[in-house]
Amino acid sequence: MKRCELYEKVWATPITKISKELGISDVALAKACRRHAIPTPPRGYWARLQAGHKLERPRLPSPEKDTEVALAITSAEERARAEKDRDTQKRWLEEHAQPTKTPVRVSMPDTLEGAHPLIRFTSRYCERIPSLERKWERRRPGEWGLAKEEDRPPHADHGRYRLFHKGCVNVTCSLDCIDWVLRFHAGLFEALEAAGFKISRREAMGTGRYREEKPAGIVATLKDEVFQIELTEGYRRVPLSPEQIAKLTKERGYAPYQTYETVPSGKYTLKWTGTEHRARAEWQGSVEKLEARLGEIAERMIELASLQPLFRTERKAAEETVKREAERREAARRVAESRAEQLKHAFSMAETHERMQRLERFLSHLDRYASELNEPYGDRLKVWLSVVREELAEGSPLDEQLTEVLTVPSWQSWPPPWWPATDKPTD
C-alpha cells in the first residue's frame, strides 16, 4: 500500500488489529513504519483517546514521497495451516504430555552450591583460566603437545572463551559474566531435571582429521528425546581512537589493518536443538531479558520435548507422502516412455512387413527366373529358394518383433507398463 495510506491506517486503528487483518506481525508492521518514517501512536495512546483526551497526531514527514510500502504478508492459506498446526499440537500435549511429579519452579540461585556437577566443574575451570594463560605463554616449544587438556586455556575468540573442554558446559562468553551464565544454567538445569530430564555431556563422536561428525555438547534427555543446549555471547566492534591507533603503530612498526577492536556485546543467544528440525528454539537478549524469561524458556523447552514425537510422526508422514508422489511420477514416466516405445515398435514392424512383402515378390520372380538359367545354376537357385522359405517358415522377423512387444522380460511380471490401467489382467 501507499505510504500515506498506511499512515492513515495506523492512526485510525491499533497496529495489533491491523496486523491481524493483513496477516503480518505487529513487530514487522512497526518496523515497516519506522523504515518509511511513518509516525505511529505512542504507548497508551488508544486508552487515553478512549478516556476522552484530545491528542494531537504528528504530521507525516515528506508527504510528497508517497512511495509503496512493501509488506511480507502471510497468505490466508498459511495462516489457516499455522492455526491447524497449533490446534494439533495443543491436542497432542493434552493427550501425551506427562505431568511432572512436582511443579516446575524456575529461579536463578544466588550461589552455585548444590548445582549440577558440570556447572561446578566449569566454575572451577574458569577460576584457573588466568593462571593457565600465564603458564601457557611461558611454555617452551616442546611442551605444546605434552600439556593435558585440563591444563590448557580455552580458545579465545573476540574477547570470549569457548568452553569446550571435557566436563564443561557448552558456552561461549567472557569471564566477566561467567558467574551469571553459570547461575542461569543452574536454574535452567534444575527446572529441566524437575521435569524428568537428565542433563549430561556428550563427548565428540566420529572425530576426523579436520572436523568432528558430532561435536561435544551438553544434552538434555527425556526418555528417548534428546536436546542440545548451547549459550553464546555475541560480540561487537568498537572503533579505535586516534591515540590507540598511534600507540599500536608505534608498537608494531606499521599501522593496524583494522581500525576497530571486537569485544563481547553482552547479548546472548540460547539454543535448544532437538533431533527434529521443528523441535528447535532460540532466545536472544541481554542478561536482564533472559533472566526475566527463564520460566518461559524452561516451559517452552519442556513443551518441545513433548512435541518432538509429534514432529517426528508428521515428518515421517510427509516423507512417505513425498515418496509416494515420487513413485507415482516415476510410474507415470515409465508408462509414458513405454507407450512411446510401442509406437516405435509399430513403425519398425510396419517396415518389416513391407520388406517381407517385397521379399515374397522377389522370391516369386526368382522362381520364374530359375527356369531360364542354364544348368546347374537353375537347380542351385531352386535349392537356395527352398532354404530361404524354410527359414522364413521357422521364424519370421515380424513374428519375433510381435513376440518381443507381447511378452515381458523374465525379471518383470505381466502386464507391461504400457497396458491400460483400467484393463489390467489378473494373470
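Some points to look at:
- Backbone geometry of region 35-47 corresponds, through the Karplus equation with coefficients 6.51, -1.76 and 1.60 at θ = phi - 60°, to 3J(HN,Hα) couplings of 5, 9, 6, 9, x, 10, x, x, 4, x, 4, 6, 5 Hz, x marking Gly and Pro.
- Amide H within-cut-off set for K267, under 5 Å, with H built and near neighbours excluded: G234
- Binning the C-alpha pair distances of region 3-74 at 10 Å intervals from 0 yields a P(r) profile of 19, 53, 26, 3 %, listed from the shortest bin outward.
- Under 5 Å, built H, 5+ apart or other chain: amide partners of Q228: A220, T273, G274
- C-alpha long axis of helix 76-96 to longest principal axis of the chain, angle in °: 70
- Shown here are the Rg and Dmax of the Cα trace of the chain, at 39.6, 131 Å.
- Computed extension length for D87-S348: 87.8 nm, one decimal, from 0.36 nm per residue of separation with the Cα-Cα distance subtracted.
- The string of couplings for region 260-269 from the Karplus curve (6.51, -1.76, 1.60, θ = phi - 60°) is 8, 10, 9, 9, x, 8, x, 9, 10, 10 Hz, one whole number per residue in order, with x for Gly and Pro.
- When only Cα pairs below 8 angstrom with a gap of at least 6 residues are kept, region 3-74 shows a relative contact order of 46 percent.
- Taking a straight line from the alpha carbon of K316, these lysines sit under 27 Å away, with near neighbours fewer than eight places off in the same chain left out: K84, K90, K198, K214, K223, K271.
- Segment Y254-E5, extension gain: residue separation times 0.36 nm, minus the distance between their alpha carbons: 84.0 nm
- GNM flexibility winner over the chain from V238, V226, V263 (Cα, springs under 10 Å): V238
- Rounded to the nearest Hz, the phi-derived 3J(HN,Hα) couplings of region 391-399 under the Karplus curve 6.51 cos²θ - 1.76 cosθ + 1.60 (θ = phi - 60°) are 5, 5, 5, 6, x, 6, x, 5, 5, where x marks glycine and proline.
- As computed over region 343-420, the Cα convex hull volume per residue (Å³): 99
- When V335, V387, V171 are arranged by Cβ crowding within 10 Å, least crowded first, meaning fewest neighbours, the order is V387, V335, V171.
- Mean separation of Cα pairs under 8 Å and 6 or more residues apart, divided by the residue count, gives the chain a relative contact order of 10 percent.
- Length released on extending from R237 to V388, taking residue separation times 0.36 nm less the Cα-Cα span: 45.0 nm
- Net charge of neighbours whose Cβ lies under 14 Å from the Cβ of H116, counting Lys and Arg as +1 and Asp and Glu as -1: +2
- In the frame of its principal axes, region 251-371 has Cα extents of 115, 58, 14 Å, reported largest first.
Every number in this text was worked out from the coordinates using simple rules, so none of it is lab data. None of the values given here were measured: they were computed from a predicted structure. Because the Cβ atoms are built from the backbone with ideal geometry, glycine has one as well, and the counts that use them run over all protein chains shown.
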